[in-house]
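Student: Before I ask anything, let me first share the structure, which is written out below as structure tokens.
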Amino acid sequence: MLFRRLLVCIVAAVGATSAATIAVGRLPPIPETPYVWRNVAVGAGGYAPNIVFSLVERGLAYLRTDMGGAYRWDDTSRRWVALQDDNAVSSYMGIESIAADPVNADVVYLAAGMNADQPAAILRSTDRGRTWRVTPVPFAMGGNEPGRGLGERLAIDPNDPRRLFFGSRHDGLWRSDDAGAHWVKVFGFPAPGLGKPAPRTSHGGVSFVAIDPTSGRRGVPSRRLWAGMADPGATMLYRSEDGGATWMAVLTPALFAAKGVIDPRGVLWVGYASGIGPSNATTGAVWRYTAGGEARDVTPPAWRASGAEGGFLGVAIARSAPGTVAVSTIDRYRAGDSLWISRDDGAHWDDVGARSRRDVSTTPFLLHEGKGADFGHWVSGLGIDPFDPRHIAYTTGATVYATGTLGRRGPVDWTPWTTGIEQTAIITLVSPTGGAPLISGFGDLAGFVHAELDRSPPPSFVNPYLSNTNTLDYAGQAPHIVVRSGSLYADHPRDATLGRSQDGGRHWTPVRVPPIGSPPERDDLIGEAAITVSADGMTMVVATRQPQVTGDNGQHWEAVQGLPGRTRAVADKVDPRRFYAVDVEGGRLLLSHDAARSFTPVLARGLPTDLRPAGRTGREAQSALIATPGHVGDLWLQAGKRLFHSRDGGQHFTATSKQLIVELYGVGLGSLFAIGTLDGVRGIWRSGDEGQKWQRIDDDCHRWGGRYRVITGDPRRPGRVYVGTDGRGLFYGDPNTRIKR
């Protein structure tokens, strides 16, 4: 049954034109799915720790991300294909390492595990990631922990491809002799591991494993192994000459061995860094080791001359051009990160960054905050095409760049290599009653106005620019008026964390709340205050510790009466004088009839006596109370795991079906949408009768790790739903019109 389900996912994904190559006559019938799901286009957007080219087949490559799963480059369709959309285990979307089989192009492995406290597994595919065999393992991983740019930890012996080694963060070195189905600890390895780290900390452990193919022959396992270390006080590099039975320490600088790559001659290239990354490497080095163990420091002199800042987490060799190697820096803040290439075994280096140009017209969001696209930050993945040394790619904290024209002289033109990759975390969404169909709030990338869902949007969330958008609201009767709140990194100070737009989110002006309290301080600057706008756009309410309201675009403010501190107000989408709120501590629903100047309790019949579950905490939490567009006094409230509906402004509520256990919900045109569990099945659900009956609208091909952040319906398009994930980007779904209803 598992194989049949996955095969159906494959065929549904590739479509009728390419399915013929999978022997159509022998396939099981393909059930029609209730919804058609597509990504809202941004184009990458998150941290991809490494890229790996196949050594066997030209045009085949794999990419691992820290919370959005793995991808394969499909050279025929010219796009990246997500390989784990049918996965329902959240932890398996954090990819610790990836290994493409060096003999069989169809075989690929993933080491999957989000962090030390979540499940970990080795996944093996014999069909390029279309289906997976999942082997849970006893050693923890950290695909989304610090140090995720180290590697590669997972290595395949080219002379005996069933023999694998895995370098664990916390529990030493492990080996499999049956293609990853079973694993045993290598007890002869001298660094047994530090154990699981304390909460919110991490360590690097065995940072990479490299197997020398020249030390064996086809059918005879390789004898020479290298293993890097990235733990304080440890020996940083070990070598084994007997297949891993015994190990010897190797000369290194006093730095972590971050990235190790071995070339076809048996030469090992190692990038070193003072921190495990991606944001704590202050210095580094590059060393070269011969098969006999001779060590030589080959760090680019120009890097030293520029201040020796930043470590080296990118290392790649050109298999078709012996002696050619490339390295890249990380955390080189003053001079900017760069890439160096040597064609004479590290004797001389060419600074490619200095002659690089970038065309980001396909993903214009990279021009955020009004700056031009730079070389990139968190550069840790680097690969040279084994079949073409001019084709080189590197990964950053926001995109993947590639060039096909890396020559010895002249400008090097880089473009985003991201078609098909959507690796972002979405915090909040609104689908207004007019203007663009969708406005989103992202983590790290601020947010976007999505006028076209299939095209990467230009940056617009500036003035103020905030790395995270935490809340969004629009005026129900004047949807071109949009407000937002956000937060930012501590090293990027701002004097506003709130913004107002008069043109649907394309341009903004800062909203500033005067100092409050004693002593007076700008409570709105800490990024905790949600902002709400009335139906006509004239009134704004900010949930500071003493909520404030303005009726003249922020020229004058006054304290809101009767609304507890940090309590988010919800505006009626039709009546500009009506606002609602949930007083969690008091267990009451609050109502304002004077444009949020004051709130009074409502005797809300039909609600639970305890409304504390309706008080979601945290600045990124979605509101449990929603006002329905186009209907005065029409409210939905999630209290605990159930939904309640009111048509009279909160005077009376009716409970929806008891069967669905609700996590998140949203309202669309004539539909209610929810993420939750019904009859033991967790998924995305739609109701057309106000929650009395539910239909599942996702399917086993579209699970995305179950990492859901927000859901909302479209108030103008029947059946349209938007789903924001934590790592796999933003999706929109429409009813499948091929199904007869």
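Student: So for the stretch 586-720, averaging the separation of alpha carbon pairs under 8 Å that are six or more residues apart and normalising by length, what relative contact order in percent results?
Tutor: 16 percent
Student: In addition: Return the whole-Å distance between the Cα centroid of the stretch 397-431 and the Cα centroid of the stretch 519-584.
Tutor: One Cα centre to the other: 39 Å.
Student: What full-extension length gain, to one decimal in nm, is calculated for Thr282 and His593 as 0.36 nm per residue of separation minus the Cα-Cα distance? Walk me through the numbers before you get to the answer.
Tutor: Values: separation 311, 0.36 × 311 = 111.96 nm, distance 5.71 nm.
Result: 106.3 nm gained on full extension.
Student: Computing the accessible area with a 1.4 Å probe over protein heavy atoms, can you report the carbon and sulfur percentage for the stretch 135-254? Write out the running numbers ahead of the final one.
Tutor: Working: 2550 of 4580 Å².
Ligands and nucleic acids excluded, carbon and sulfur give 56 percent.
Student: May I pose another question? Could you give the length gained by full extension between Glu294 and Leu669, i.e. 0.36 nm per residue of separation minus their alpha carbon distance, to one decimal place?
Tutor: Numbers: separation 375, 0.36 × 375 = 135.00 nm, distance 6.96 nm.
Using 0.36 nm per residue and subtracting the Cα-Cα distance, I get 128.0 nm.
Student: For the residue pair Val103 and Asp359, what label-to-label distance in nm results when each label sits 7 Å from Cα along the Cα-to-beta-carbon direction?
Tutor: Reported label-point gap for Val103 and Asp359 is 4.2 nm.
Student: Short version: ³J(HN,Hα) in whole Hz for each residue of the stretch 305-314, in order, from phi by Karplus 6.51 cos²θ - 1.76 cosθ + 1.60 (θ = phi - 60°), x for Gly and Pro, what are they?
Tutor: Karplus-based 3J(HN,Hα) across the stretch 305-314 equals 5, 8, x, 6, 9, x, x, 10, 9, x Hz.
Student: Right, next: With label points built 7 Å along Cα→Cβ from the Cα atoms of His348 and Arg133, find their separation and express it in nm.
Tutor: 5.0 nm
Student: Roughly speaking, what is the stretch gain from Asp495 to Lys185, that is 0.36 nm per residue apart minus the C-alpha to C-alpha distance, in nm to one decimal?
Tutor: Roughly 106.2 nm would be gained on extension.
Student: Still on this model: Based on C-alpha coordinates, I'd like the Rg and Dmax of the chain, in Å.
Tutor: Looking at the chain, its Cα Rg and Dmax stand at 27.3, 82 Å.
Student: Under the rule of at least 5 residues apart or a separate chain, name every residue whose amide H is placed under 5 Å from the amide H of Asp337.
Tutor: Arg332
Student: Here's another thing I want to ask about it. Which distance in nm do the two modelled labels at Arg217 and Leu603 give, with both placed 7 Å along the Cα-to-Cβ direction?
Tutor: It works out to 9.4 nm between the two label points.
Student: Lys and Arg at +1, Asp and Glu at -1: add these up for the other residues within a Cβ distance under 10 Å of His480 and post the number.
Tutor: 0
Student: Mind ordering 336-344, 551-559 by average Cβ neighbours within 10 Å, highest first?
Tutor: For the peptides 336-344, 551-559, the packing ranking is 336-344, 551-559.
Student: Place a label point 7 angstrom from the Cα of His631 along the Cα-to-Cβ direction, then list the residues of the stretch 404-438 whose backbone nitrogen is under 19 Å away.
Tutor: 431-434
Student: Per residue, how much accessible area does the chain show when a 1.4 Å probe rolls over the protein heavy atoms, in square angstrom?
Tutor: Accessible surface, normalised per residue, equals 38 Å².
Student: Over the stretch 357-457, what is the relative contact order in percent, taking alpha-carbon pairs closer than 8 angstrom and at least six residues apart?
Tutor: 20 percent
Student: Now for a separate question. What FRET efficiency do you get for Asp552 and Ser518 if R0 is 25 Å and r is their Cβ-Cβ distance, rounded to the nearest 0.05?
Tutor: 0.45
Student: On to the next question. Efficiency by 1/(1 + (r/R0)^6): what FRET value for Gln695 and Arg647, r their Cβ-Cβ distance, R0 = 25 Å, to the nearest 0.05?
Tutor: The calculated FRET efficiency here is 0.60.
Student: Lys and Arg at +1, Asp and Glu at -1: add these up for the other residues within a Cβ distance under 13 Å of Asp572 and post the number.
Tutor: That works out to -2.
Student: Excluding Arg332 itself, calculate the net charge of residues whose Cβ lies under 15 Å from the Cβ of Arg332, where each Lys or Arg counts +1 and each Asp or Glu counts -1.
Tutor: -3
Student: Less than 18 Å from a label point 7 Å out along the Cα-to-Cβ axis of Thr405: which backbone N atoms in the stretch 330-355 qualify, by residue?
Tutor: From the stretch 330-355, the list is 352-355.
Student: Give me the distance between the Cα centres of the stretch 325-383 and the stretch 599-658, rounded to whole Å.
Tutor: Cα centres, the stretch 325-383 to the stretch 599-658: 50 Å.
Student: When the gyration tensor of the stretch 426-580 is built from Cα positions, what are the square roots of 5 times its three eigenvalues, in whole Å, from largest to smallest?
Tutor: 24, 19, 12
Student: Can you give me the P(r) profile for the stretch 633-697? Cα pairs, bins 10 angstrom wide beginning at 0, each as a whole percent.
Tutor: 23, 58, 17, 1
Student: Right, something else. Relative to the longest principal axis of the C-alpha atoms of the chain, give the angle of the C-alpha long axis of helix 2-19, reported between 0 and 90° and rounded to the nearest 10°.
Tutor: In the chain, helix 2-19 runs at an angle near 90 degrees to the longest axis.
Student: How high is the relative contact order of the stretch 541-592? Use alpha-carbon pairs under 8 Å, at least six apart in sequence, and give a whole percent.
Tutor: 26 percent
Student: Okay, helix-only estimate at 222 nm for the chain: each DSSP H run of n ≥ 4 adds -39500 (n - 2.57), divide by all residues, round to 500 deg cm²/dmol; what do you get?
Tutor: Details: 2 runs with 23 residues, N = 741.
For the chain, the value works out to -1000 deg cm²/dmol.
Student: If you don't mind, another one. Give the dimensionless ratio obtained when the Cα radius of gyration of the stretch 55-195 is divided by 2.2 N^0.38 Å. Please report the intermediate quantities before stating the final value.
Tutor: Details: Rg = 14.3 Å, N = 141, 2.2 N^0.38 = 14.4 Å.
Cα Rg divided by the expected 2.2 N^0.38 Å: 0.99.
Student: Expressed as a whole percentage, what fraction of the accessible surface of the stretch 562-689 belongs to carbon and sulfur atoms when a 1.4 Å probe is rolled over the protein heavy atoms? Intermediate results must be reported in sequence, preceding the final value.
Tutor: On the way: 2690 of 5330 Å².
That fraction is 50 percent.
Student: Would you please name the trypsin sites (Lys or Arg not before Pro) within the stretch 64-140 that are DSSP coil residues with at most 13 other C-beta atoms within 10 Å of their C-beta?
Tutor: Arg78
Student: Here's something else I'd like to know. Exactly which GluC sites (Glu not before Pro) in the stretch 236-322 are in a DSSP loop and have at most 13 other Cβ atoms within 10 Å?
Tutor: Qualifying residues, ordered by number: Glu294.
Student: Around Glu422, which amide H atoms from residues at least 5 apart in sequence, or from another chain, sit under 5 Å from its own amide H, with H modelled in the peptide plane?
Tutor: Hits under the 5 Å cutoff: Ala44.
Student: Once R0 is set to 56 Å, what does the formula 1/(1 + (r/R0)^6) return for the Cβ-Cβ distance between Gln561 and Thr235, expressed as a FRET efficiency to the nearest 0.05? Could you put the intermediate results ahead of the total?
Tutor: Values: r = 66 Å, r/R0 = 1.19.
FRET efficiency, Gln561 to Thr235: 0.25.
The values are calculated or read from the model by the stated rules, or taken from the named source; none is laboratory data. Predicted model only: the values in this text are computed from it and were never measured. Cβ atoms come from the backbone with ideal geometry, glycine included; neighbour counts cover every protein chain shown. Ligands, DNA and RNA are excluded from the accessible area calculation, which covers all protein heavy atoms including side chains. Shrake-Rupley method; radii C 1.70, N 1.55, O 1.52, S 1.80 Å.
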